[in-house]
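Student: I am attaching a structure below and will ask some questions about it afterwards.
The values are calculated or read from the model by the stated rules, or taken from the named source; none is laboratory data. Fair warning: this is a prediction, and the values are worked out from it, not measured in the lab. Backbone-built Cβ (ideal geometry, glycine too); neighbour counts: all protein chains shown. We work out accessible area using only protein heavy atoms, side chains counted, and drop any ligands, DNA or RNA first. Shrake-Rupley method; radii C 1.70, N 1.55, O 1.52, S 1.80 Å.
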Amino acid sequence: MKETPLSNCERRFLLRAIEEKKRLDGRQTYDYRNIRISFGTDYGCCIVELGKTRVLGQVSCELVAPKLNRATEGILFFNLELSQMAAPAFEPGRQSDLLVKLNRLLERCLRNSKCIDTESLCVVAGEKVWQIRVDLHLLNHDGNIIDAASIAAIVALCHFRRPDVSVQGDEVTLYTPEERDPVPLSIHHMPICVSFAFFQQGTYLLVDPNEREERVMDGLLVIAMNKHREICTIQSSGGIMLLKDQVLRCSKIAGVKVAEITELIQKALENDQKVRKEGGKFGFAESIANQRITAFKMEKATIDTSDVEEKAEEIIAEAEPPSEVVSKPVLWTPGTAQIGEGVENSWGDLEDSEKEDDDEGGSDEAIILDSVKMDTGIEVSDIGSQDAPIILSDSEEEEMIILEPDKNPKKIRTQTTSVKQEKAPNKKPVKRRKKKRAAN
């Protein structure tokens, strides 16, 4: 996926702001973004945040055979990966020109500067040496990858501990961390890269450019230096011509920035070592701020319950008495609100079409129900006058329910037959009328 290009309006806006010595994030011309270093539970694992640019560094070691031309020196290997998680423009499984350039610059900065004593990595000359591998993963891309990667690499190397080894004759014994304490690497100095972005053919200069500033810059100058003001490597890209005074000016700025970053790294390493010795909690989970949503824990808040009763009595005494009549009780809680007066609840009401169907189809049922109610009403009224059990009958087949079966069962039959006799003479005249009509 190709990155979204900047529009002409955005490009002109950025260049105009740089001409006025202003930056989008409020920094000054020579200001670095905030650097944050956190360590994992294992030695040699760290995350470096340079603003929103995040790089994960992991160091591992392995016993291998040395190179033929350097039989007494260990091997250093650096690998930087740009994943799609960092930016959608990075394609997986393909080494872009940017990735090749960054890997070469890291090797020149760390390996060629002899910051690590490779001879101390030799176990048996010509047979066994330590191979130190530094893997760097870009987690989020917001500009200036090389500075964040160089800081993550040197921090991971300083934090790493390799297993202890003993040699007796031809036998090489490798000890676990429980048997012997791991051994730190022998590091001579700490080279750190500082990037300078040039605009308008070298007229304007910025330190630590972010991702948008990198898109509109004309050239980039990277200086790798240690705190002793020794230049380890220098690289210029972009095809611009720089004057000697500009390079000297950038080197002086780089010396100040490298001293500040080196002091920050040493403090972070000392704090982590102190926490591990004291037996405190450490790791990436402990470095997350408790106030964030992604935090794994929350600090316990102490609650004083000694004078709860007194406070409750004071609150009750100061509170207003409740009103006697509450027309519309509404429970207000944080996060709730009411808009308008509301309408009546229409749940369960039938629609117009359903009401018409019920009116048409239910007329016959209503007539039948009325006749049944009349029959049962006559029986109950007649029986209720006497001290007899209540009988409910709703059909001509004499299906009766007796609520008190022990009281006067004989009277019930006579009363039911009397009711039927009263109904019988009403049916006979109807039959005679039908016969007369048929005769006519």
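Student: Scanning for something among the small types (Gly, Ala, Ser) and touching a residue at least 60 places away in the same chain (Cβ under 8 Å), does region 95-106 turn up at least one residue?
Tutor: Kept after step one, since they are among the small types (Gly, Ala, Ser), are these residues of region 95-106: 96.
After this cut, where a residue has to be touching a residue at least 60 places away in the same chain (Cβ under 8 Å) as well, the list is none.
No, region 95-106 contains no residue that is among the small types (Gly, Ala, Ser) and touching a residue at least 60 places away in the same chain (Cβ under 8 Å).
Student: Additional query: Just one of (1) surrounded by 20 or more Cβ atoms within 10 Å (Cβ to Cβ); (2) touching a Leu at 6+ places or on another chain (Cβ under 8 Å) trips up Gln246, so point out which.
Tutor: (1)
Student: Okay, moving on. Return the residues of region 39-57 that are more than 16 Å from Gly143 (Cα to Cα) and surrounded by fewer than 19 Cβ atoms within 10 Å (Cβ to Cβ); say none if nothing qualifies.
Tutor: Matches in region 39-57: Thr41, Asp42, Tyr43.
Student: Taking the stated definitions as given, is Ser113 outside any helix (DSSP H, G or I), in contact with a Pro (Cβ under 6 Å, 6 or more places away or on another chain) and not basic (Lys, Arg)?
Tutor: Judged against the criteria, Ser113 is a match.
Student: I would also like to ask the following. Need pairs with beta-carbon distance below 9 Å; first residue among the β-branched types (Val, Ile, Thr) and within region 115-133, second open to solvent by less than 30 Å² (accessible area, probe 1.4 Å) and in a helix (DSSP H, G or I); sequence gap 6+ or separate chains.
Tutor: If the second residue must be open to solvent by less than 30 Å² (accessible area, probe 1.4 Å) and in a helix (DSSP H, G or I), the pairs left are Ile116/Leu110; Ile116/Leu157; Val129/Thr118; Val129/Leu121; Ile132/Thr118; Ile132/Leu121; Ile132/Leu157.
Student: Lys281 fails exactly one of the following numbered conditions: (1) modelled with pLDDT under 90; (2) among the charged types (D, E, K, R); (3) assigned to a helix (DSSP H, G or I); (4) open to solvent by 70 Å² or more (accessible area, probe 1.4 Å). What is the number of that condition?
Tutor: Every condition holds for Lys281 apart from (3).
Student: Identify all residues within region 116-134 that are in a strand (DSSP E or B) and open to solvent by 30 Å² or more (accessible area, probe 1.4 Å); write none if there are none.
Tutor: The first filter runs over region 116-134 and keeps only residues in a strand (DSSP E or B), leaving 116, 122-124, 128-134.
Cys122, Val123, Val124, Lys128, Gln131, Arg133, listed by residue number.
Student: With the condition kept exactly as written, say whether any residue in region 286-301 is in a loop (DSSP other than H, G, I, E, B), farther than 25 Å from Leu269 by Cα, modelled with pLDDT of 75 or more and open to solvent by 80 Å² or more (accessible area, probe 1.4 Å).
Tutor: no
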